[in-house]
Ligand code: SF4
């Protein structure tokens, strides 16, 4: 679902591509996160302290939603989904996960945020409600692993914001417009950039991480079963944070995206526009149109899927 907290024309930097923003950062001697923070203050009239405090409050909500489904299962209002974060949490606790502590922690938190969203709980749409688990999971899991301070995590969220802003302005953040690549793909790009910064990488590496994450989710369709942000959205958040952390890790090792971030964003938009309408949040194609998806539709709405 499309975020409403970013409106075109609202941001004085909005017309810039990432390559131009990075040049601006170098000229001003600022990090990408600081640059975005300064621009946020300029656009909204907030002081630096107010903007940092507001982002810190968002981090609070991210933490609550990331943990909300672990100790006790959370179920969606529709009854279609729930309990996966709790189930996976128990599996990790038993030492059965093969993923390693950081990725396993990220996966459980991505599931939790998404289940809290499906249960109509409080989340941060970053950049959208459907993709709300990816950025928090990456920031919190890496931040815990690296022992980052809260200030560093808040700064990393501003770095992620810069990535999301460029995608939102030059492409789209809406599944209805560009498929799930625009939601989970964008969130993974934002998460990768934040993770790189928390891992000690520089802004250039952060943007390469963002490019590699988005590249590897290109073409991902939006096909929610019953038109609800549950199946496949919840598990897509878990897998997308895995993509984000893999991209971040490669970027920190010095691996670069051969295709620059701005061009990946352009490609994502073109691919989104080429997707048929059935695969852009209409619930009329992909997994929504499978036998099981159609049976779920009948169960939830009491009418044939074909009648929609
Ligand atoms: S499948 Fe569609 S509704 Fe679900 S997270 Fe992806 S873009 Fe959002």
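The values are calculated or read from the model by the stated rules, or taken from the named source; none is laboratory data. Just so you know, these numbers come straight off a predicted model, no measurement behind them. Neighbour counts run over all protein chains shown; Cβ positions are idealised from the backbone, glycine included.
Okay, here's what the table says:
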{"quantity": "Filter pass, residue 196 being under 21 Å from residue 61 (Cα atoms), buried (at least 24 other Cβ atoms within 10 Å of the Cβ) and either touching a residue at least 24 places away in the same chain (Cβ under 8 Å) or within 16 Å of the ligand (Cβ to nearest atom) (or both)", "calculated": "no"}
{"quantity": "So residue 215, is it closer than 30 Å to residue 292 by Cβ, surrounded by fewer than 24 Cβ atoms within 10 Å (Cβ to Cβ) and more than 12 Å from the chain's Cα centre (by Cα)", "calculated": "no"}
{"quantity": "Single condition residue 225 does not satisfy, out of (1) surrounded by fewer than 23 Cβ atoms within 10 Å (Cβ to Cβ); (2) within 11 Å of the ligand (Cβ to nearest atom); (3) more than 18 Å from the chain's Cα centre (by Cα)", "calculated": "(1)"}
{"quantity": "Scan of the range 268-307 for residues that are in contact with a helix residue (DSSP H, G or I) (Cβ under 7 Å, 6 or more places away or on another chain) and assigned to a loop (DSSP other than H, G, I, E, B), ordered by number", "calculated": "281, 283, 284, 285, 304"}
{"quantity": "Any hit, the range 94-116, residues being touching a strand residue (DSSP E or B) at 6+ places or on another chain (Cβ under 9 Å) and within 17 Å of residue 224 (Cα to Cα)", "calculated": "yes"}
{"quantity": "Single match in 239, 265, 243 (criterion: within 19 Å of the chain's Cα centre (by Cα) and within 12 Å of the ligand (Cβ to nearest atom))", "calculated": "239"}
{"quantity": "Tally of residues being within 13 Å of the ligand (Cβ to nearest atom) and within 22 Å of residue 210 (Cα to Cα) across the range 268-287", "calculated": "2"}
{"quantity": "Condition check for residue 39: closer than 30 Å to residue 263 by Cα and within 16 Å of the ligand (Cβ to nearest atom)", "calculated": "no"}
{"quantity": "Qualifying positions in the range 142-160 - surrounded by 24 or more Cβ atoms within 10 Å (Cβ to Cβ) and within 14 Å of the chain's Cα centre (by Cα)", "calculated": "156, 157, 159, 160"}
{"quantity": "Any hit, the range 166-178, residues being over 22 Å from residue 279 (Cα atoms) and buried (at least 24 other Cβ atoms within 10 Å of the Cβ)", "calculated": "yes"}
{"quantity": "The range 110-131, residues that are away from the ligand (no atom under 14 Å from the Cβ) and in contact (Cβ under 8 Å) with a residue 60 or more places away in the chain", "calculated": "122, 124"}
{"quantity": "Matching option when the condition is within 10 Å of the ligand (Cβ to nearest atom) and surrounded by fewer than 24 Cβ atoms within 10 Å (Cβ to Cβ), among 231, 259", "calculated": "231"}
{"quantity": "Flag if residue 176 is out of contact with any helix residue (DSSP H, G or I) (no Cβ under 8 Å at 6 or more places or on another chain) and within 16 Å of the ligand (Cβ to nearest atom)", "calculated": "yes"}
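For (1) over 26 Å from residue 108 (Cβ atoms); (2) out of contact with any strand residue (DSSP E or B) (no Cβ under 7 Å at 6 or more places or on another chain); (3) buried (at least 20 other Cβ atoms within 10 Å of the Cβ); (4) at pLDDT below 95, each residue gets a yes or a no:
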position	(1), (2), (3), (4)
32	yes, yes, yes, no
35	yes, yes, yes, no
43	yes, yes, no, yes
46	yes, yes, no, no
50	yes, yes, no, no
56	no, yes, no, no
60	no, yes, no, no
73	no, no, no, no
